[in-house]
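The values are calculated or read from the model by the stated rules, or taken from the named source; none is laboratory data. Quantities reported herein were computed from a predicted structural model and do not represent experimental measurements. Note that each Cβ is placed from the backbone with ideal geometry, even for glycine, and that neighbours are counted across all protein chains shown. The protein model used for the area step is the full one, side chains on, heavy atoms only, and it has no ligands, DNA or RNA in it. Shrake-Rupley method; radii C 1.70, N 1.55, O 1.52, S 1.80 Å.
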Amino acid sequence: MNKTLKKQFTRKIYLHKKFDSFDYHHAIDAYLTTIVGNYLYQVYPKLRPYFVYGQFKKFNQEKNIDILKRLKNFNFLRQLIFNTDDNIYISGTKEIVFNKKDIIHKLETAYGYKYMNISRECYQETSSLFNQTLYAHNSSVKNSLIPKKKGLPTEIYGGYSGNKDSFFVLVKIVKKRTNLYRIVGIPTRELAKLNSSNNYNQALNKIVESKLCLKETESFKILIKRLLYGTLIVDNGQKFRIGSFKEKHNVQQLVLQLKSMKYIKFYIDGGQNYFTDVERKKLEKQDRDKCLLYVFDDIMNVVNKRFTLFDMSKYEKDGDSLREKFNCLDFNDKVSILSDLLKAFHANSDRTSITKLKITNLGRHQAGKNGITLTTNAQIIYQSPTGLFERRIKIKDL
């Protein structure tokens, strides 16, 4: 399918894609390909050898040069884009096969879906043992350094500042009055020793015990022996993926209104050439600051309703709302802030700081130095590569 045909269609109905905001554009592209492909197949039955794989007609470059030129310059989407009649006919006949309004309505409905099946790769880390920076023995992080080699104490030789985990385990910590369910990382540097051990479970327990630092009255039990990076978890309304033993990655997709996406395309992405002359003149006449404020309101509305990992109210403690602060800024600052917000709210590990709004590390969700703690209502979700099938394990059933 020629991407030029899809681009013509999306420009006509102003279906704007923003790769920084959400990942559903892959599904929308597939849907567009299906719509345009089905249109070509049904409207031009005599030209199917020109479109259908395996039925390609072989043209003689000398004898059929005029036919080839006409085909290359012919607008196959003429009925779908330029005709005022909503009915779409088989070429050369009066037989109706599609309705233009129906096609556009279905596409806009799909574009507005808040959820589509998406699955991400879950993986185990096997390469990096530590963060690569070496610190001196008298550095500010001297109390948490890891020796460079065996027999080289950090008090003299310094060391690495951070440990890299290979995978994680879910541990139940039994206390006097309550139980805790915590995710614990298994260091990559322990992987070889663990895999070569005669008693895997015993070696794993020993590693976990060294990381928990329990009191004498406390005990623990490993409930799940292997959780990978990217494992999907739902707990008390929060849906996230494991980024580290103490970091949650957002999985909610930022689906905005078509009007907001149009403003983003025009004012933030600089896509003025994407629009027709008529649409461009309409946008140029609008108050651009009001347009950006509309986008900001749309983003905040979606985040406050559906992004349970984000608590934006904590950035309004000084009395002024984020909206008021944003509205007082100049145009270029607003453009920069909206770009940062789109990146921070993307369903990945990206984070950013916005000094104009006094926001730091937006997009980062750390659960404290002890790691991610789950409730008994939490569910571990294992997905198939297609996302069509999944298996849920409830912690309370373990």
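Worth pointing out:
- For segment 169-243: rounded, prolate or oblate by the Cα gyration tensor [a/c cutoff 1.5]: oblate
- Charging the Cβ of each Asp and Glu at -1 and of each Lys and Arg at +1, and nothing else, the dipole of the chain about its Cα centre rounds to 780 debye.
- Other residues with beta-carbon under 15 Å from the beta-carbon of Glu284 carry, at +1 per Lys or Arg and -1 per Asp or Glu, a net charge of +4.
- Spatial separation of Cα centroids for segment 181-206 and segment 273-315, in angstrom: 48
- Top positive-direction residue, dipole computed over segment 304-398 with Cβ charges, set Phe310, Ile359, Leu342: Phe310
- Square roots of 5 times each gyration tensor eigenvalue, C-alpha, the chain, largest first, Å: 52, 29, 21
- In a simple Cβ point-charge model (Lys, Arg +1; Asp, Glu -1; nothing else charged), segment 301-387 has a dipole of about 180 debye relative to its Cα centre.
- Heavy-atom accessible area order for Leu214, Leu80, largest first, 1.4 Å probe: Leu214, Leu80
- Figure note: Glu209, Glu190 ranked by solvent-accessible area, largest first, 1.4 Å probe, ligands and nucleic acids not counted: Glu209, Glu190.
- As a calculated quantity, the FRET efficiency between Asn377 and Tyr200 at R0 = 30 Å, using C-beta atoms, amounts to about 0.50.
- FRET efficiency, Asn38 to Cys328 (Cβ-Cβ, R0 51 Å, nearest 0.05): 0.55
- Cross-link table Lys206/Lys394; Lys176/Lys206; Lys164/Lys358; Lys164/Lys246, entries beyond 20 Å C-alpha to C-alpha: Lys206/Lys394; Lys176/Lys206; Lys164/Lys358
- Over 30 Å between alpha carbons, listed pairs Lys193/Lys396; Lys114/Lys334; Lys101/Lys239; Lys46/Lys262: Lys193/Lys396; Lys101/Lys239; Lys46/Lys262
- Projected onto its three principal axes, the C-alpha set of segment 207-331 covers 73, 36, 22 Å, listed from the longest axis down.
- According to the Cα-based calculation, Rg over Rh for segment 82-214 is 1.40, with Rh computed by the Kirkwood formula.
- Area accessible to solvent at Tyr157, 1.4 Å probe radius, in Å²: 110
- Test item: Cα-centred dipole of segment 348-398, Lys/Arg +1 and Asp/Glu -1 on Cβ, debye: 240
- Relative intensity, log₁₀ I(q)/I(0), of segment 269-359 from a Debye sum that treats every alpha carbon as a point, q = 0.10, 0.11, 0.16, 0.19 Å⁻¹: -0.31, -0.37, -0.73, -0.97
- Inter-site label distance for Arg351 and Thr308 at 7 Å from Cα along Cβ, in nm: 2.1
- Only protein heavy atoms count here; on that basis, with a 1.4 Å probe, Thr126 has an accessible area of about 100 Å².
- Computed [θ] at 222 nm, deg cm²/dmol, the chain (DSSP H ≥ 4; -39,500 (n - 2.57); rounded to nearest 500): -10000 deg cm²/dmol
- Sorted largest first by accessible area at a 1.4 angstrom probe radius, with every protein chain in place, the residues Thr355, Thr84 fall in the order Thr84, Thr355.
- Using θ = phi - 60° and Karplus 6.51 cos²θ - 1.76 cosθ + 1.60, couplings along segment 233-243 (whole Hz; Gly, Pro as x): 9, 10, 8, 6, x, 8, 10, 8, 10, 6, x
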